[in-house]
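Here, each number is a calculation from the coordinates, and none is a lab measurement. Quantities reported herein were computed from a predicted structural model and do not represent experimental measurements. No Cβ is skipped: glycine too gets one built from the backbone with ideal geometry, and neighbour counts run over all protein chains shown.
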Amino acid sequence: MVITRRAVMRNGAMAVVGTGIIPSFLTRSMFAAEPSAHGKNQRVVVLFQRGAADGLNMVVPHAESYYYQARTSIAIPRNQVLDLDGFFGLHPALAEFKPLWDQKQLAIIHATGSPDPTRSHFDAQDFMESGTPGYKATTDGWLNRALQAERERAREKASPFRAVSMGADVARSLHGKIPAVAMGNVANFTVDGRDPNAAPVSSILQTMYDNSTLSLLRGTGAETFEAVKMLKATDPAHYSPANGAQYPRGPFGESMKQIAQLMKADLGVEVAFADIGGWDHHFNEGSVDGQLARSLRNLSQGIAGFWQDMGDEAENVTLVSMSEFGRAVHENGTGGTDHGHANVMFVLGGKVQGGKVYGQWPGLNPEQLYQNRDLAITTDYRRVLGEVVWKNLGARDMNLVFPQAQLNQGDFLGYLPAGI
Amino acid sequence: MAGQAKALHVLDRMAFGPRPGDVEEVEAMGVNRWLDLQLHPEKISDDALKQRMADYNAPFMDPQTLILKFPSGNLIRQALKGRASIPSEQPDQAVWKSQMAITQQRQERKNEQSTQPTQQNNAKDAGQSGAGQAAMLAGAENGTAGTPAPDERRQKLRGDVDVSGVLNLSADQRYEALLAMQPGDIQEFVRSLAPAERPGVIAGMSPTQRETVLALLNPRLVVVNETESVRLLQDIYSERQLQRVMTEFWLNHFNIYTGKNEREPYYLPQFEHEVVAPHALGKFEDLLDAVATSPAMLLYLDNEQSVGPNSPFALRREHAPVESPGQMGSPASAANALLPVRAKKQSAPGINENYGRELMELHTVGVNAGYTQQDVIEAAKVFTGWTVAPPQQGGGFRFDERRHEPGPKVVIGHTIQEGGEQEGLELLHILATSPATAHFISQELAVRFVSDNPSTALVNRMAKTFLSSDGDMGKVLRTMIHSPEFWSAPDHENKIKTPLDYVVSAARVTNADVTQPYRLVAELKVMGMPLSGTEEPNGYAMTNDTWASTSELINRMNFALALASNRIAGVEVSIDAWPGEGRADATPEQEESWLERVILNGTISGQMHEAVLKTLLDTPAQNQAAVNLVLAGDNGASPFATGLQRYGTHSADTRVAVMAGLLIGSPDFQRR
């Protein structure tokens, strides 16, 4: 089962897409031993495209004539779309995704999103990350609860790096009972230097935080000092990506590189979260080139760089992307797009049954649109995320992860095989 | 709450923390009198701040002058195409010509490169790495990492220009020499210098000279750096602390992203100094109107581009070749106007919903006020025609009747009759006086100043004052501060400082002499709170959970140690000058107690005090090694360790500096 679904085997694409990007597990897994125990060693990376990325220009429904009518200046011309299946195609700036698609490691879910109708960035992100669309009172995040819902690993002594949030602060998705490390910069993640002589200074600070009367600071302090200690052992200041991987400049490329670094350092990372901003293209969005294209190049190069860097270890990684909502089908009066509804999610993974667009396509004709203007949602985003954490992390209590969603296995789209 | 604790609390919450002596002063005058005075900033003299700000010209220029003296990349590209006229006066002309030459060189290199495989480029963008002048001078090099400047060019320059000769000139002569270089050569000149030599380029120059020289290299960055520097100087040194705290509150409420586009930075000084600060303690509607007509907001939320689909502008374009938005005043010829052709790649002009939505969601009534998508569309129509004049025409707010959508509009149940610019003002009035707005703003204030979960009673009380006083912020703040909730926050409701609170309060409590404020601005970026640096319109959250993270604590502890031991260049702390007597023969215990009084106003918990002392005294030899290490800053991984010019450490014993750093990094100093 595991063997036969390997992309390479099915379409023999190996030879033609033989760029440096194919990890060796693709070639060896055909005869490899049985997969490891349930959920064991599986890791999940979650990316949030903040600002509502334009899904219709990322994965273009190029067979829809209405798409071209609605987007006279920003549509991606049919002859420039990177065709996937005759109906959908990638924005040319996502060229780095094409080999991953051809190797069947990349799956796409279209017309997906949060069922709450809000077009507020803030509310929509909050709902998506809390995992409870429409309920504002939820204080923790879905990804934190997914860790709580793990059957296998819940009893093990957890590493402070079990959940890592890239950036100065912990993302909303990871707020909650399970401690999460916010990682601004791996190389500087230390209290006043790496020299062992600095230890007393660090230990005084630790004592102070241990004694803080404010529990939030006491708890975060404890996590901080433990994480610093563990990280110190891995020589974090010296890292060079493997397999010739290259990351784009800027914070997103940095985040992806550091996720690879932490995962490879064997610190017990189970989930990592990273942001990529700058998707709110109300004005002058561009088509094949332009603002969106630049953002997409950054996105795809960051992901492809990570994938190449991870090499064989990518086999046990699943990466999923999300954004708070999509953008209106019609371009607006200023060469951009206003806030919409459904969007597209990417799932990339060594175990993913990719090379396929999952979900139901609702159509783009005016009568098929949500509120006469937006792509309708046919797949609740929680069905997509639920499948990742069920199959990869072994999270079982879906009522804990996504209260109200009444999610069960039957709701999953099947982009991951059962029994990883 | 007793007198001193009260004074400290009000300074922690309604100011950016106390400076040495402030608590005693407020205690002596009483919190009420302090508040009365702070609510009238015009009565408080601010000479010390003015003196510090005299070092900066750019942030006090109007946008039109600013863009002339510090042209944007777009204007330079226009000038290269002959579409913008180059100023005839010096030194402006030299700046333009330098930028034109540098831009052209860059384009040539790019063309050469496009035939070669792309190289990985790890250099930080000068605008991102942010260390003010130093970064700009360094940026001259970083900009081309991966594309090494031709050696022969450098050689040639070295041959033509007596490099060390220039550096040895007096400031005035050096300035003239730099201006006299061939356009663009200053970049090569700076590149040819060793990093340690670079500060010498502008050393001793007047503010105008310095700004001009830096503008020869990167004019937009001068604007950004100086705007942010002055903002931080005001937060640290202004005696009008309540006005500063409220200005920062509104700058977050009406968030602007400086990186929105090339024009945005040129409007930020005006936005801060003329739009927000003067109204920070005034009537909400005045502030709202000022923001709505500010080019900064019109650009940031795209309204300057929004066009009524049935406006004369749009209807005319249906039949005319295209006139791109923003380029007005070039009417299509009559012959062209008859052609029934629309350029293929042009979108039909129409509304942009961005401002209409955020005006209601974030600026006034809040997302739960019950408005619909249709309301957003109608609000956007109301504001069609509210735009920004091109730089050549003054670059200010402009109502363009031709772009305005005709007909009445219905927004949240109100019918607004056709009335041009007046429609927008009418809608702003409806929103500013709505009970939902009173509640929304009161809630936000209470979260910022009182508690993450303020009581409904408090918020209702504030909202009532808001409505009965026409949104008079002074009155709303009085209601808040005179409420028992303001004073009775139990421990779990303590507020944790945001990075801005933290950095500014640390500079204040240490009485730091900040001569390079951009060092602190850069620190805010590291801590995840860059000034005008969040792209999304909702600004930064003011709740504790946002700012208590592992990364946050590490950055703060490292910052505290670097600050107290004078490892941040251009930020000098003189512990010797802190108030306190008889330190000469003090024991470590006495020193520690003294530092607690200065930095924490004696509020450290007994248990923590014991723990610190015990650790400090238990292993003296090892500790001395640590102390030396901290002071030397040669610990490789510290972000402050490299490339910083160290100011002489003080005669006071090194242990005191480390103890001070520890207290600033302590959990007690994270609260406000």
Any chance you could run the full-extension gain for B:His414 through B:Ala196? It's 0.36 nm times the residue separation minus the Cα-Cα distance, nm to one decimal. 72.1 nm
Starting from 0.36 nm per residue, how many nanometres of slack lie between B:Ala54 and B:Gln392 once their C-alpha separation is accounted for? 118.8 nm
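Beta carbons within 10 angstrom, averaged per residue: use that to sort the peptides B:657-665, B:36-44, highest first.
Order by mean packing, descending: B:657-665, B:36-44.
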Approximate spin-label separation A:Asp210-B:Ala5, in nm, with each point projected 7 Å along Cα-to-Cβ: 2.8
Given the C-alpha atoms of region B:171-246, compute the convex hull and give its volume per residue in Å³. 108
Using amide H atoms built in the peptide plane, which far-off residues or other-chain residues are under 5 Å from A:Val44 H to H? A:Val271, A:Ala272, A:Thr318
At R0 = 51 Å, how high is the FRET efficiency between B:Glu112 and A:Asn408 if r is their beta carbon distance? Nearest 0.05 is fine. 0.30
Packing rank of A:71-78, A:117-124, where each peptide gets the mean count of other beta carbons within 10 Å, highest leading: A:117-124, A:71-78
Partners for A:Lys351 among lysines (Cα-Cα distance below 23 Å; same-chain residues under 8 apart left out): A:Lys40, A:Lys98, A:Lys104, A:Lys257, A:Lys264, A:Lys391
Which loop-located trypsin sites (Lys or Arg not before Pro) does region B:44-85 contain, where loop means any DSSP state but H, G, I, E or B and the Cβ has at most 16 other Cβ atoms within 10 Å? B:Lys81, B:Arg83
Counting only residues 5 or more places away or on other chains, whose amide H sits under 5 Å from the amide H of A:Lys356 once H atoms are built in the peptide plane? A:Ile108
Apply the Karplus curve 6.51 cos²θ - 1.76 cosθ + 1.60, θ = phi - 60°, to the phi angles in region A:335-346 and return the couplings in whole Hz, x for Gly and Pro. x, x, 9, 8, 5, x, 10, 6, 9, 10, 10, 9
How well do other chains shield peptide B:553-561, expressed as the mean number of their Cβ atoms within 10 Å of each residue Cβ? 6
If the chain between B:Asp162 and B:Ser85 were fully stretched, how many nm would it gain, using 0.36 nm times the residue separation less the Cα-Cα distance? 24.4 nm
Point-to-point label distance, B:Thr103-A:Asp397, nm (Cα→Cβ direction, 7 Å offset): 6.1
Treat each spin label as a single point 7 Å out from the Cα along the C-beta direction, and report the A:Gln360 to B:Phe399 distance in nm. 5.0
Once phi is turned into θ = phi - 60°, what whole-Hz ³J(HN,Hα) does the Karplus curve with 6.51, -1.76 and 1.60 give for every residue of region A:265-275, x standing for Gly and Pro? 7, 6, 9, x, 5, 9, 10, 10, 10, 9, 9
Counting only backbone N atoms under 12 Å from a point 7 Å out along Cα-to-Cβ of B:Arg316, the residues of region B:387-411 in range are B:401-404
